[in-house]
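Novice: Encoded as structure tokens, here's the structure I'll be asking about.
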Amino acid sequence: MSDKAFKCGLVALVGLPNAGKSTLLNAMLKEKVVITSHKPQTTRNAIYGIKTTDDYQIIFVDTPGYHAGKGRLNKVMVQQAEEAILSVDLICVLADPNEKGGPAFRALLEKVEARGVPSILVITSLDDRSRDDLYDAAQHLSTLSNFKQVIPISAKIDKNIDKLEELIAAELPEAPAVFDKDEITNQPENFLISEFIREQVFMLLQQEVPYDTLVETERVKESDDKMEIDAAIIVNRDSQKGIVIGKNAAMIKEIGTRARKDLETFFGIKVRLNLFVKVKNDWASKDEYLKIQGLS
């Protein structure tokens, strides 16, 4: 332990859909705790990731992409992002270099400014853009709010991730750690299992199944050397059930195989994953299913 006073604080990662918030959080933690995909709206609720060193503890809040919510599920997601902003000590605003500062982005910045805490503008996708593109994006977007710092990063090639962590740590208040040093997330086990499975639904089914697919972890049985999981993939219509199962059950087997590998890596134990599909019409408007997703 160093002689410096210990720091601890909440840091929100905010941005429009597909800004790279979840990818950045996983890179910061050097561990996969949130699902990612190239599709917007992958993250549905505020997810906590914890980074602890000898000198500080950063409690990251990975929020749903900020957007004009239509329908109950989307409105609840936006509410989650807004509520996260209200409780933190620092806000990292993520933006792709293509972001022009449109109405949704400006509305998000209004929420950030109203909170009155330091904010850092994080320009993502450094690896995919020229120096001139990054400079132009930083010049334009930095004028839209009173950012404390502006930094380009790439989670993909681990560029400037450590530097961003330094900038964040410098803004944290002096406070004792909230979580034990070995904890990297406060999410319940059942929720994490469901998210790993849902990620593979996103990755494998592309546009065939809509974004309102839900995964419910129904049973987890653990022993010293194995974890057995029963989980249901919930869709809105009978026609979607066939797509998820696939011909000769090939699709659901592939979803299960990929999810099982991720779960074994995360939990460090052998996993037996039993998947099946349920149809629940218009589940996104029902409280019982929003609760499963941690949104109600």
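Novice: If you average the sequence gap of Cα pairs under 8 Å that are 6 or more apart and divide by the length of region 177-280, what percent do you get for the contact order?
Specialist: Over region 177-280, the number comes to 29 percent.
Novice: Could you compute how much accessible surface Glu83 exposes when probed at 1.4 Å, giving the result in Å² to the nearest 10?
Specialist: Answer for Glu83: close to 100 Å² accessible.
Novice: Then there is this: When only alpha-carbon atoms count, how far does region 242-285 stretch along each of its three principal axes, as whole angstroms with the largest first?
Specialist: Ordered largest first, region 242-285 gives principal extents of 36, 29, 12 Å.
Novice: Here is a follow-up. What accessible area per residue, rounded to a whole number of Å², is obtained for region 76-193 using a probe radius of 1.4 Å?
Specialist: Here the residues of region 76-193 average 52 Å² of exposed surface.
Novice: Quick one: which of 133-143, 19-29 comes out on top by average Cβ neighbours within 10 Å, and what's the full order, highest first?
Specialist: 19-29, 133-143
Novice: Sticking with this structure for a sec: Where in region 83-174 are there trypsin sites (Lys or Arg not before Pro) that are in a DSSP coil and have at most 15 other Cβ atoms within 10 angstrom of their Cβ?
Specialist: Taking region 83-174 and a limit of 15 other Cβ atoms within 10 Å, the loop trypsin sites (Lys or Arg not before Pro) found are Lys100, Lys148, Lys156.
Novice: Answer rounded, prolate or oblate for region 164-267, using the Cα gyration tensor with square roots of eigenvalues a ≥ b ≥ c: rounded when a/c is under 1.5, else prolate when a/b is larger than b/c, else oblate.
Specialist: It is prolate, given that a/c is not under 1.5 and a/b is the larger ratio.
Novice: With an 8 Å cut-off on Cα pairs and a minimum separation of 6 or more residues, tell me the relative contact order of region 95-137 in percent.
Specialist: 62
Novice: First compute the accessible area of region 91-183 with a 1.4 Å probe, then give the percent of it belonging to carbon and sulfur atoms.
Specialist: After summing per-atom areas, the C and S share lands at 45 percent.
Novice: I need to check one value: relative contact order of region 99-227, counting alpha carbon pairs closer than 8 Å and at least 6 residues apart, in percent. Don't jump to the answer; show the numbers that get you there.
Specialist: Values: 86 pairs, mean separation 24.1, N = 129.
Once divided by the residue count of region 99-227, the mean separation gives 19 percent.
Novice: Oh, and also: Can you give the % of DSSP beta bridges in region 93-202 that are antiparallel, to the nearest 5?
Specialist: Here the share of antiparallel DSSP bridges comes out near 10 percent.
The values are calculated or read from the model by the stated rules, or taken from the named source; none is laboratory data. This is a predicted model, so every value here is computed, not measured. Cβ atoms come from the backbone with ideal geometry, glycine included; neighbour counts cover every protein chain shown. What goes into the accessible areas is simple: the full protein's heavy atoms, side chains included, and nothing from ligands, DNA or RNA. Shrake-Rupley method; radii C 1.70, N 1.55, O 1.52, S 1.80 Å.
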